[in-house]
Structure formats: structure tokens, C-alpha cells
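Worksheet: the structure to be examined is printed underneath.
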Amino acid sequence: MASTSLSSAAAPSSPFPDPQGRFLLATCQAGAEEALASRLLSLLPGAGRGAWRRGLVTFRRPPVAAPPDDPSSGSLAGAVFARTLVHCLGQVHGADDAARAAALVALSPAIAATRLHIWHRDHREAAGGDGSAHDTSSAARAALVAALPGIAPGATATGDLVLDVVVDGPERWWVGWHRATTPSSHWPGGIHPQPLPADKVSRAWLKLDEALAGFALTPTPGERAVELGAAPGGASQRLLEAGLDVVGIDPALIDPCVATHPRFTHWRKRARDVRLREFRGFDWIVADMNIDPVSTLEAIGRVVTAPGVRPRGIIATLKLPDWSRAGGVDGWLAAVRGWGYTPRVRQLSTGGREICLVALRSGRRGAARRRRG
Ligand SMILES: C[S@@+](CC[C@H](N)C(=O)[O-])C[C@H]1O[C@@H](n2cnc3c(N)ncnc32)[C@H](O)[C@@H]1O
């Protein structure tokens, strides 16, 4: 194996010998592998499937392509189901962490990465199901830091070169690298680093927290948000904490700690039973209804295309009753563009079998607002 150096990684096609330099490694929610693969292969014509594990897929990228140092930026940002997308160096084996760290150094002897991201391939399984304790690899981390003195502890800054290590069972690590640029590329495994605080009324608080951070959204205190499917109230609680005035629409009950908040109002009915003129004046429309994704989009489209209703942003959870529905993504994005919004979509690490669609109003008014905000 030829010597390699992450320090010369500015041109990602050059520093690594084949085959290591020509593979991408993506990790995803367990079960999303096929959805991820078909999406990524459609974005990267000529790419081929490589290794396939639960929650991890590698791809041989076409020889002509020169992806950015952070493959999760640029065109592959539309990979939707990829939590992480990194340049793959290969896998290392060994009986213990020290042996695997030594094998990693042998694989890439001149590693100059300054930061380390290490996570378990199936972090919810590793954490016992709740997904909260994803950094179960402190012994492996210690072994790597001992073997690689250039690795500094702490969070990544934008532009940092990151060594990625995916712990896969008792003897195998997958190894890769990327440069941290996008918000989620700062998170080990692309997994939102915030656990659910005990005082939050539902897991939807965490999903909204990840959506705000991952899409770099900045709602302004004093803005108004309406949420379709608000009960029991976790997402509304997060919006209230951001300083927004919130109306929650849901026939079900809202948790008292949200319902009694002075900036919260509950309209206890279904979304379609709210008259369109009542949606005027909202800056954000949030939707998290346990219904079909097409029905969710119809409910949002009914609102944002109504006369006098023009929120600046949409944050929507689209539930996927089964993975085959992932094939509908492009059509859904086209519908949102047709309303005059610029959509982005991503599967959040804190959600279930669903995707998060964020769309900001397109055009001059929307762009000026985004620059100010
Ligand atoms: C996943 S829960 C929402 C969680 C919530 N966003 C939170 O933050 O806690 C889905 C909710 O959608 C509501 N729902 C389903 N269909 C709806 C409709 N047509 N209009 C309003 N709410 C609806 C359900 O009553 C249920 O409370």
C-alpha cells in the first residue's frame, strides 16, 4: 500500500492511490441504504455500488468526477438519506483498539487530520435503542489519539480536516476523511449532538432543534409560526424558546406546559378546517402530521398558495409509510418550487422513517429577507 497524506488533501482526486481515493463512504439510518444508494447514484452518473452494510454504503465514484473536500456539500447535498458522506480510505481490522489504530496508521501513514470523528455504524443499536449515547467509542478514541499526535480534542471548526472512523462490530473500523463545511459535517456521524432534554414534551423538540441547526435556519424573535400537527407540543416548545409566537393546529391535546405559554395558541381542529384567511401574517409554517407525505404537502400547498398568505419559510416532516416512497422526493421538490419556494431535504438523525423538507421563499423578497436574517 502506497503512503498517503491527508495534508495534501486539497485536491481530493489526487492524494490517494486507487482504489482508496476513488470511493465515497456514506452512513445513513438503518434501513435507508437502498433509498440512499438510488438517490446518490442518480446524482453521480457513472458511480457504482461498493460495500453494503446496515447503515453504511460505499460507492466507487466515476474517475472523472472531482468531488469537493466535503462531499456532503455541492451536488451531493441532495443525497437526502446520507448522514455523512466522506472520502473512503478503506477498512482496518485488529483484535483490539490499539491494533486497529496501528493498522489505520499503516493504511495512511502521514495522516495530518486535526480532528477525529468516531461513531458506531448503527448508533441507536449501540446506544441501546434511544440513540442518545452515540459516542460509545471512548477507548477507540483514546487509542487513535495516542497513535495520531496531530489529532486535537474538541469540536471541529469550519475548514478543519477530519479523520472519520466508523466502528463496525468488534474488529472492524471503516476509515475516511472530509473537510468540515456544512453544519452536519461538524457532527460525528452526521448525528445531531444534542440529546433530548428531560423537560421537553416530545421528541419533536429535538427534530426541530436539528432542523434549525442542520439547515442553518434563523427564525427571529417576534416572528409568527403556525404548526400543522402540533400535539403534544415539542416542536412548538422549541419555536417558543426561539422567541416566536406560535399557533398549534391539532385536534389532539397539547401538553399543559406548552398550552399555557403566553405566546402559544391552540386551534383544536384539523388543518383543513382552518379558514385560509386565518393563515395570513405567519412567517413560518411547520408541519408534522402523521399522514401520507402527499397529504402533508397538499395541506401546506393549500396554505402557502392562498391569497395574502406568504410565510418566508416551511419546515415539514414528510413521513414515509414505506421506503419505496423515497422515490417521490423529486416530484415533491418540484411541487414546492412551483409554490415559489426553494426546497432542501434531508433525513434527520433524530427522526424516524421520514424526511425533513425545508423551503425558503424564492425571489427578491425572500433573498433580501434571508440576507438580513
Ligand atoms: C407526530 S405527531 C406531531 C408531534 C408534534 N409536532 C410535536 O411537536 O409534539 C402527529 C400529529 O399530527 C396530528 N394530525 C394528523 N392529521 C392532522 C390534520 N389533518 N390536521 C392537524 N393535525 C393532524 C395528530 O393528531 C398528531 O397529534
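What to note about this one:
- Cα long-axis angle, helix 33-43 against the chain (0 to 90 degrees, to the nearest 10): 90
- Helix axis angle, 138-147 relative to the chain longest principal axis, alpha carbon, degrees: 40
- Distant alpha-carbon pairs in the chain (separation over 26 angstrom), percent: 53
- Helix 363-372 and the long axis of the chain differ in direction by around 70°, with both axes built from C-alpha atoms.
- Cα extents for segment 298-343 along the principal axes, largest to smallest and rounded to whole angstrom: 36, 16, 14.
- Residues of type aspartates and glutamates that residue 269 reaches as a straight line, Cα spacing below 14 Å, ignoring anything fewer than 8 places off in the same chain: 227, 250, 278
- Extension gain for residue 30 to residue 273 (0.36 nm times residue separation, less C-alpha to C-alpha distance): 83.8 nm.
- Rg in Å to one decimal, and Dmax rounded to a whole Å, for segment 175-237 via C-alpha atoms: 14.2, 45
- Residues residue 213 and residue 145, FRET efficiency given R0 of 30 Å [Cβ-Cβ distance, rounded to 0.05]: 0.70
- Rg ratio (alpha-carbon, reference 2.2 N^0.38 Å) - segment 216-373: 0.99
- Beta bridges per DSSP with both ends in the chain, % antiparallel, nearest 5: 65
Read-outs throughout are calculated quantities, based only on the coordinates presented, and are distinct from any laboratory measurement. Keep in mind it's a predicted model, so treat the numbers as computed, not measured. Backbone-built Cβ (ideal geometry, glycine too); neighbour counts: all protein chains shown.
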